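Before any comments, here is the structure.
The values are calculated or read from the model by the stated rules, or taken from the named source; none is laboratory data. Please read all numbers here as calculations on a predicted model, not as lab measurements. Here the Cβ positions follow ideal geometry from the backbone for every residue, glycine too, while neighbour counts run over all protein chains shown.
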Amino acid sequence: MSWTAFLWRNLARNKLRSALTGSAIALAIALVCFLATMPEGLERLLDSVAANTRIVVHDSAGVAYDWMPYAYVEKIRAMRGVVGAASWTWFGGAYRSEEGVSFPNMAVEPDAVGVVWADWHIDPAVLAEFARRRDGAVVGRGTMERYRWKVGDQVTLQAEGYGRMALTFTIVGEIPLQRAPHFLFQREYLEQAMAARKWHLDGTGMIWLRVDDPARVDPLMREIDDTFRNSEAQTASETEKSFFRSQFSALEGLALLITIVAALLAVCIVFIAANTASMTVRERMREIAILKAIGFSRRQVFAMLIGEATLLATLAGALGAGASLGLSRLARAASGGWNAQLGPLSWFIVTNTILVEGLFLAFFVGLISGVVPSLGAARRGVAETLREVF
Amino acid sequence: MIQLEDVSRVYRRGADEVRALDHVSLSIERGRFVALMGPSGSGKSTLLHLLAGLDRPSEGRVTVAGRVLNELSEDELASFRAQHVGFIFQFFNLIPVLSARENVELPLLLTKLGKADRRERANTALRVVGLGERAEHMPGEMSGGEQQRVAIARAIVSDPEIVVADEPTGDLDAKNAAEILALLRDLRREFGKTVVMVTHDARGEQFVDEIHHLDKGLLDRTVPGGAQVSRSEPKASEDRQVGA
């Protein structure tokens, strides 16, 4: 029999207790490992959705506060290095009134869509039909699947912000991206509907543009903002990645909150494991006294008890961290980066580094939880214990 | 071999002092089988703990195998016990999750012996106590007498000069008690061990060389044991052959 075998046998003496404690630790470590993917996962997510040559321009007061004159679109299109630009006007129509606005629906210039969002790879035939048909709409695959729409379907959206205006669209094709929930339709269609109500659509919420060279992005953003600095609506230009990051800032705050909760959870797990270690030591006082009597030193008794606590926690941690790694890889393999059910979850990848960090955390949970009871048992005098237990 | 000089042991219980041993002097020669007897609270277990290096005296001096135990640190005492003393307790005290052989191997984990040597020595010790065939049995699968014999094998596996036994027959029926006492006597007779036993069991008297009676922490009297007085062989029922 070796020392390791001895530790192992001791761990296995109360299988249910060891299994329950191990499961609690494994679950906590799996959770911590997954949460550790948040910062990198968000960055990866931004990289995946944001092109490095796309710029968004909005009013300097913020996206939600004011519109920019529609004339800005043409001025921007005329700037050097701009491949294409499209206005982006929020309609805010609800498909089912009880759901409210359940996907972003925007008025755009159809001719610009294929240029500004070339990386969406929308079928040219679809783009041609979109440009031809005034009530046409192109819809993201996620939204198409969600509502089981198909090309040719007619869909009516009602927008509270436009005096309960209801517009009926004909779906002419899809945006072949799971992660794109957009519903895009012709700006001209909205202009005409508004004109029928004696309204005039003369502004846009945002302008998206694509530049020919990533190196031109920063200078162009400066140029745009400088151009409109003394205009009626000052602009703020930012990269698509920066724009999405600001949209995800609330999510980052949530991630921080979850991380704090996970840290507290880890502390709770330390207490649970410490309680288990204390119970184990208390139940084995007689055995520990016998071991000391036959020559085990305080240091050896301490090493044995802390070894048991650490072994259990590390094994459980390996299980938890391994499970989180396996699940994240499975999710990634299953979805290829985006999935209607998983959403962006598959971007949060448990890396080998996180796996090792999880293992170390589990090791320290075992170490910390075992210190006090192990030290107490090791320090206790053998004669004193023998008098008490015999 | 074992020398106690004017040894006292005082415990504190709250504000009170309990004098468990009161200026006891005692000498036990090598290769003797000695019984410490007396009523409960007489100090016999305390005396056993002191001479086995489990406890330290409040006063006096304890010398065992040439070492003055008072002067040893806790770690040195542990090392001393591992090398020089084998322990047998009343309630067998085997580790329930280890087999008989693994229990016997435990003290050898503290030595530099390799795995195969440890295993071989444990098997030999089990054969000495007549349990060679039950080496892989778990304690829960063994009778009280068998468990106590495993405990004896564990006590002798590291070949200590001294074996101390605290009420080794206290939890056994008459037949098993006699077998254990005969086994302890054989440790002295065949292996030259010094055996010190605390017992209430009057049957033990006939197996030992000398009996030290204690009362209220004082060494009351010392008398020769049955083995010393009669020098006769044990009765047939007690005379068992240990499998060596």
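Would you confirm, using the coordinates I've provided, whether residue B:68 is aliphatic (A, V, I, L, M) and within 27 Å of residue B:190 (Cβ to Cβ)? Taking the combined requirement at face value, the residue does not satisfy it.
Looking across the stretch B:76-102 at every residue that is closer than 18 Å to residue A:301 by Cα and part of a loop (DSSP other than H, G, I, E, B), the one that is farthest from the other protein chains (Cβ to nearest Cβ) is identified as B:94. Cβ separations smaller than 9 Å between residues 6+ apart or across chains give the following pairs from the stretch B:110-132 residues that are closer than 16 Å to residue B:86 by Cα to residues that are assigned to a helix (DSSP H, G or I) and among the aromatic types (Phe, Trp, Tyr): B:128/B:191. When we screen A:229, A:216 for residues that are closer than 22 Å to residue A:73 by Cβ, in a loop (DSSP other than H, G, I, E, B) and out of contact with any strand residue (DSSP E or B) (no Cβ under 8 Å at 6 or more places or on another chain), the only hit is A:229. Taking the criterion of being part of a helix (DSSP H, G or I), within 18 Å of residue B:153 (Cα to Cα) and not acidic (Asp, Glu), the residues of the stretch B:185-208 that qualify are B:185, B:187, B:188, B:189, B:191.
Table: residues versus (1) within 14 Å of chain B (Cβ to nearest Cβ); (2) not hydrophobic (A, V, I, L, M, F, W, C).
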site: A:232; (1), (2): no, yes
site: A:239; (1), (2): no, yes
site: A:244; (1), (2): no, no
site: A:258; (1), (2): no, no
site: A:283; (1), (2): yes, yes
site: A:288; (1), (2): yes, no
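Looking at the stretch A:138-177, which of the residues that are in a helix (DSSP H, G or I) and touching a Pro at 6+ places or on another chain (Cβ under 7 Å) is modelled with the lowest pLDDT?
Pass one, the stretch A:138-177, residues in a helix (DSSP H, G or I): A:141-147, A:160-162.
Then drop every residue that is not touching a Pro at 6+ places or on another chain (Cβ under 7 Å), which leaves A:141-143.
Working: A:141: 91, A:142: 88, A:143: 92.
Per the stated criteria, the residue is A:142.
Return the residue satisfying two criteria in turn: it lies in the stretch A:232-245 and is part of a helix (DSSP H, G or I) and touching a strand residue (DSSP E or B) at 6+ places or on another chain (Cβ under 8 Å), and of such residues it is modelled with the highest pLDDT. Working first, answer last.
First pass over the stretch A:232-245, keeping only residues part of a helix (DSSP H, G or I): A:240-245.
Adding the requirement that they be touching a strand residue (DSSP E or B) at 6+ places or on another chain (Cβ under 8 Å) leaves A:240, A:243.
Working: A:240: 86, A:243: 82.
The qualifying residue modelled with the highest pLDDT is A:240.
Residue A:180 falls short on exactly one of the conditions (1) over 30 Å from residue A:164 (Cα atoms); (2) surrounded by 18 or more Cβ atoms within 10 Å (Cβ to Cβ); (3) at pLDDT below 85, and that condition is (1). Residue A:277 meets the conditions (1) over 23 Å from residue A:307 (Cα atoms); (2) modelled with pLDDT of 80 or more in every case but one. The failed one is (1). Within the stretch A:309-332, the set of residues being in contact with a Leu (Cβ under 7 Å, 6 or more places away or on another chain) and modelled with pLDDT under 90 comprises A:325, A:331.
Residue-by-condition table, conditions (1) in contact with a His (Cβ under 9 Å, 6 or more places away or on another chain); (2) more than 14 Å from chain B (Cβ to nearest Cβ); (3) at pLDDT 85 or above:
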residue: A:29; (1), (2), (3): no, yes, yes
residue: A:39; (1), (2), (3): no, yes, no
residue: A:43; (1), (2), (3): no, yes, no
residue: A:48; (1), (2), (3): no, yes, no
residue: A:52; (1), (2), (3): no, yes, no
residue: A:61; (1), (2), (3): no, yes, no
residue: A:68; (1), (2), (3): yes, yes, yes
residue: A:74; (1), (2), (3): no, yes, yes
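Residue B:45 - would you say it is assigned to a helix (DSSP H, G or I), within 13 Å of another protein chain (Cβ to nearest Cβ), under 14 Å from the mean Cα position of the chain (by Cα) and among the hydroxyl-bearing types (Ser, Thr, Tyr)? Working first, answer last.
Working: assigned to a helix (DSSP H, G or I): yes; within 13 Å of another protein chain (Cβ to nearest Cβ): yes; under 14 Å from the mean Cα position of the chain (by Cα): yes; among the hydroxyl-bearing types (Ser, Thr, Tyr): yes.
Here the answer is yes, as residue B:45 does meet what is asked.
Residue B:22 satisfies every condition listed in (1) of a type outside the set (Ser, Thr, Tyr); (2) more than 27 Å from residue B:139 (Cα to Cα); (3) in a helix (DSSP H, G or I); (4) more than 9 Å from chain A (Cβ to nearest Cβ) except (3).
Looking at this structure, is residue A:293 at pLDDT 85 or above, over 27 Å from residue A:17 (Cα atoms) and buried (at least 19 other Cβ atoms within 10 Å of the Cβ)?
On the way: at pLDDT 85 or above: yes; over 27 Å from residue A:17 (Cα atoms): yes; buried (at least 19 other Cβ atoms within 10 Å of the Cβ): yes.
Answer is yes for this residue.
Just one of (1) within 30 Å of residue A:363 (Cα to Cα); (2) in contact with a helix residue (DSSP H, G or I) (Cβ under 7 Å, 6 or more places away or on another chain) fails for residue A:208. It is (1). Listed conditions (1) touching a Gly at 6+ places or on another chain (Cβ under 6 Å); (2) buried (at least 21 other Cβ atoms within 10 Å of the Cβ); (3) at the interface with chain A (Cβ under 10 Å from one of its Cβ atoms) are all met by residue B:156, apart from (3).
Considered as a group, the residues in the stretch B:75-114 that are among the basic types (Lys, Arg) and at pLDDT 90 or above include one that is surrounded by the most Cβ atoms within 10 Å (Cβ to Cβ), and that residue is B:81.
The set of residues from the stretch B:48-71 being buried (at least 17 other Cβ atoms within 10 Å of the Cβ), more than 10 Å from chain A (Cβ to nearest Cβ) and out of contact with any Leu (no Cβ under 8 Å at 6 or more places or on another chain) comprises just one member, B:65.
Within the stretch B:146-182, can you find the residues that are hydrophobic (A, V, I, L, M, F, W, C) and over 12 Å from the mean Cα position of the chain (by Cα)?
Matches in the stretch B:146-182: B:150, B:157, B:172, B:174, B:177, B:178, B:182.
Beta carbons closer than 7 Å, at least 6 apart along the sequence or on distinct chains, pair a first residue in the stretch A:1-27 that is more than 8 Å from chain B (Cβ to nearest Cβ) with a second that is in a helix (DSSP H, G or I) and of a type in the set (Val, Ile, Thr) for A:17/A:276; A:21/A:272; A:21/A:276; A:24/A:269; A:24/A:272; A:25/A:269; A:25/A:365.
Please list, ordered by residue number, the helices (runs of 4 or more DSSP H) wholly in the stretch A:1-116 having 3 or more residues that are surrounded by fewer than 20 Cβ atoms within 10 Å (Cβ to Cβ) and not β-branched (Val, Ile, Thr). Reasoning before the result, please.
Details: elements: A:3-11, A:15-35, A:38-49, A:71-77, A:110-116.
Because the criterion is at least 3 residues that are surrounded by fewer than 20 Cβ atoms within 10 Å (Cβ to Cβ) and not β-branched (Val, Ile, Thr), the helices (runs of 4 or more DSSP H) in the stretch A:1-116 that meet it are A:3-11, A:15-35, A:38-49, A:71-77.
Out of the residues in the stretch B:122-137 that are in a helix (DSSP H, G or I) and crowded, with 20+ Cβ neighbours inside 10 Å, state the one that is farthest from the other protein chains (Cβ to nearest Cβ). Within the stretch B:122-137, the match that is farthest from the other protein chains (Cβ to nearest Cβ) is B:128.
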